[in-house]
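First up is the structure itself, then whatever we jot down about it.
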Amino acid sequence: MTPCLKACLLIITASLVTVTVSGLSPPTKVAVFGGTGYVGSQVCERLVKKGYDVTGVSRRGVNPRPGKSEYLDQVNWVSGDATNPADVNKIVAESDAIVHAVGLLFDVESGLQGLNNVVSGSRSVPDPEKSTYDNITRKTMFNVIDAIEKKAMNPLNMFQNTKTPLAFVSCAEAGWPDVQFGDYVEEKLAPAWLQKYLVAKRAVESRINGCSAIRPIIYRPSLIWSWDKFDVLPIIPVFNIASLVGVPFVDKTVQVGTLADAIVAGIEDDSVSGVQRFTEMEELARN
């Protein structure tokens, strides 16, 4: 064996060892798409508090509460368009785990987009051209999944034995087909905007579950609330009582802090995968 060939083999071996070792390490760099939002900002805070290197991605790309949270002040805020594959690829390539908390309740095709200023925890204003359920939910998440698959095909990553943790905030209603009377409620009672909302959520759930490069963690909260979100507080007892008495298509509500804690716990625990309903979220948040 020539000296040159020996040197090449040593370099390749060292590279493989380095890649393998890094593949066994827990995630240290986490990107949160929708990082300035109601859920995303709380996830960012908790990740920083636990020592993670956090990149918060949003259209604005600025700290939503500058000087008011020591943890949000430490986030690397990035302005990015999650509907643009180039923006997503760059961020995913530099991250060990991904959180997708991008979303809106009323899109620009619903005719109710003006209500987002009231019901949105972050008071975000929908883009008049891009803010459809298909763009905001399906397209942005498909871009993230494509970027993770692309990253996994990189020769330097092909020898890793780990999958990229990907946390996706879906909704409880996405599970209606699996519960009694769920199909009826959706087909006969759900408004058209909600049906479109669910189509986008389910498209993502289906795609994420079929990706071998991902450890999918799908959170299905019903109403997400906090004590300062006065618009939903009167409805919370209605949902919780209905869930308590066993109405199959109504899930107990989830406090935003509980959801954020559950997302962080899911990223950290390699055994967590698949759909997480309110019971699983509460259990994860306690750990």
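The values are calculated or read from the model by the stated rules, or taken from the named source; none is laboratory data. If you're wondering where the values come from, they're calculated on a predicted model, not measured in any experiment. With ideal geometry, Cβ positions are generated from the backbone for all residues, glycine too; neighbour counts draw on all protein chains shown.
Yes or no, residue by residue, for (1) of a type outside the set (S, T, Y); (2) at pLDDT below 95; (3) touching a Pro at 6+ places or on another chain (Cβ under 7 Å):
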residue: W193; (1), (2), (3): yes, yes, no
residue: A200; (1), (2), (3): yes, no, no
residue: R207; (1), (2), (3): yes, no, no
residue: I214; (1), (2), (3): yes, no, no
residue: Y219; (1), (2), (3): no, no, no
residue: W227; (1), (2), (3): yes, yes, no
residue: F230; (1), (2), (3): yes, yes, no
residue: I235; (1), (2), (3): yes, yes, no
residue: V245; (1), (2), (3): yes, no, no
Does L259 fit the bill of being out of contact with any Lys or Arg (no Cβ under 9 Å at 6 or more places or on another chain), over 24 Å from V108 (Cβ atoms) and surrounded by 19 or more Cβ atoms within 10 Å (Cβ to Cβ)? yes
For the structure I just gave you, tell me whether G56 is touching a helix residue (DSSP H, G or I) at 6+ places or on another chain (Cβ under 6 Å), touching a residue at least 24 places away in the same chain (Cβ under 8 Å) and either assigned to a loop (DSSP other than H, G, I, E, B) or at positive phi (or both). no
In region 38-53, how many are part of a loop (DSSP other than H, G, I, E, B) and among the basic types (K, R)? 1
Kindly list, by first and then second residue, each pair from a residue in region 209-220 that is closer than 12 Å to V144 by Cα and touching a residue at least 12 places away in the same chain (Cβ under 8 Å) to a residue that is in a strand (DSSP E or B) and of a type in the set (S, T, N, Q), limited to pairs with Cβ atoms under 6 Å and residues at least 6 apart or on different chains. I214/T164
Given the residues I145, I218, I136, I208, which is the only one that is under 25 Å from T83 (Cα atoms), assigned to a strand (DSSP E or B) and either within 16 Å of the chain's Cα centre (by Cα) or polar (S, T, N, Q) (or both)? I218
